[in-house]
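For reference, the structure is listed below as structure tokens.
The values are calculated or read from the model by the stated rules, or taken from the named source; none is laboratory data. For clarity, every value in this text was computed on a predicted model and none was experimentally measured. Neighbour counts are summed over all protein chains in view; Cβ atoms, including those assigned to glycine, are modelled from backbone coordinates with ideal geometry.
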Amino acid sequence: MLTIQVCVGSSCFLRGAMNVIAEFENIIAHYKMDDLLILKGNFCLERCNEGTTVKIGEKVFTGIRCEDVNGLFDNEVIPAVFGVK
Ligand code: FES
């Protein structure tokens with residue numbers, strides 16, 4: 001089970017974290033991957049000045065906008081879940 005954490009601390013919240021979470025939810029539903037992933041909000045991941053912060057497994061990504069989620073999913077989540085790159 002892979003965990004995706006989206007920071008919902010105040011800085012990330014103001015920079016669109018809820019939209020990022022909504023986009024992850026849409027994609028996870030689209031691919032019917034609910035049983036393979038845990039998506040959760042997390043308080044400050046200590047990268048506040050770098051935009052919305054997302055942690056996928058142990059990898060941290062900053063400055064994530066709603067429109068980045070699809071690429072992040074294709075390049076990071078799918079390979080991590082299915083072991084392909
Ligand atoms: S508020 Fe998101 S990293 Fe601090």
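Annotations for the structure displayed:
- Considering only residues in the range 1-15 that are more than 11 Å from the ligand (Cβ to nearest atom) and either more than 18 Å from LYS59 (Cβ to Cβ) or modelled with pLDDT of 95 or more (or both), the one that is surrounded by the fewest Cβ atoms within 10 Å (Cβ to Cβ) turns out to be THR3.
- Residue satisfying all of: in the range 16-29; closer than 19 Å to CYS44 by Cα and in contact (Cβ under 8 Å) with a residue 12 or more places away in the chain; surrounded by the most Cβ atoms within 10 Å (Cβ to Cβ) among these: VAL20
- Per-region count, the range 35-59, residues in a helix (DSSP H, G or I) and exposed (fewer than 13 other Cβ atoms within 10 Å of the Cβ): 1
- Residue check, THR62 among the hydroxyl-bearing types (Ser, Thr, Tyr), modelled with pLDDT of 95 or more, within 16 Å of the ligand (Cβ to nearest atom) and crowded, with 17+ Cβ neighbours inside 10 Å: no
- Qualifying residue in the range 4-16 (condition: among the β-branched types (Val, Ile, Thr) and assigned to a helix (DSSP H, G or I)): no
- Test: residue in the range 72-84 that is touching a strand residue (DSSP E or B) at 6+ places or on another chain (Cβ under 8 Å) and among the aromatic types (Phe, Trp, Tyr): no
- Evaluation of LYS32 against the conditions (1) surrounded by 13 or more Cβ atoms within 10 Å (Cβ to Cβ); (2) more than 15 Å from the ligand (Cβ to nearest atom); (3) not hydrophobic (A, V, I, L, M, F, W, C) shows that the sole unmet condition is (1).
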